[in-house]
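Notes for the one structure printed next.
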Amino acid sequence: MNKYSQLKKDFEQLKAEVRELPGATEYLDGPEVAVGQMILARQLELGYTQQQLANLAGVPLEDIKVIQAGLLHSNFGCDIQPDSLSKVFKALKIIGVQPIIDEQAATSMMG
């Protein structure tokens with residue numbers, strides 16, 4: 001078991017509890033959070049700290065925090081440099097994003 005397994009389990013439990021709050025499910029299921037989680041997972045897989053990733057990508061540490069928190073949407077008022085996301089993808093060697101389609105989950109979210 002890797003050293004982040006318990007942390008991931010605790011985070012998943014916290015997300016389940018947060019979903020009880022009004023509006024939280026829409027936020028947690030949004031693309032901004034999905035991108036942030038993907039970047040965090042890859043960062044941890046490579047063993048980087050947030051600061052190391054920021055240095056490698058050539059972006060401010062604050063941009064890494066905003067991206068990983070899923071606060072990219074303009075409603076949150078958090079601005080990052082225009083090219084930060086692409087620089088982070090490049091630093092992590094993420095060359096594309098392949099969606100996983102879950103029709104049942106998507107249907108339940110809409111109705």
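Odds and ends about this structure:
- Test set (1) exposed (fewer than 13 other Cβ atoms within 10 Å of the Cβ); (2) in contact with a Pro (Cβ under 7 Å, 6 or more places away or on another chain) - residue 54 fails condition number: (1)
- Any hit, the stretch 81-98, residues being at pLDDT 90 or above, in contact with a Ser or Thr (Cβ under 7 Å, 6 or more places away or on another chain) and surrounded by 12 or more Cβ atoms within 10 Å (Cβ to Cβ): no
- For the stretch 8-50, the set of residues classified as exposed (fewer than 14 other Cβ atoms within 10 Å of the Cβ), at pLDDT 90 or above and touching a helix residue (DSSP H, G or I) at 6+ places or on another chain (Cβ under 6 Å) is empty.
- Some residue of the stretch 15-30 being within 12 Å of the chain's Cα centre (by Cα) and part of a loop (DSSP other than H, G, I, E, B): yes
- Matching residues in the stretch 31-50 - criterion: being in a helix (DSSP H, G or I) and without any contact (Cβ under 8 Å) to a residue 40 or more places away in the chain: 31, 33, 34, 36, 37, 40, 41, 45, 50
- Taken over the stretch 55-87, the criterion of being in contact with a Lys or Arg (Cβ under 9 Å, 6 or more places away or on another chain) and of a type in the set (Val, Ile, Thr) is satisfied by 59 alone.
The values are calculated or read from the model by the stated rules, or taken from the named source; none is laboratory data. No experiment lies behind these values; they were computed from the predicted model shown. Every residue, glycine as well, gets a Cβ built from its backbone with ideal geometry; the counts of neighbours run over all protein chains shown.
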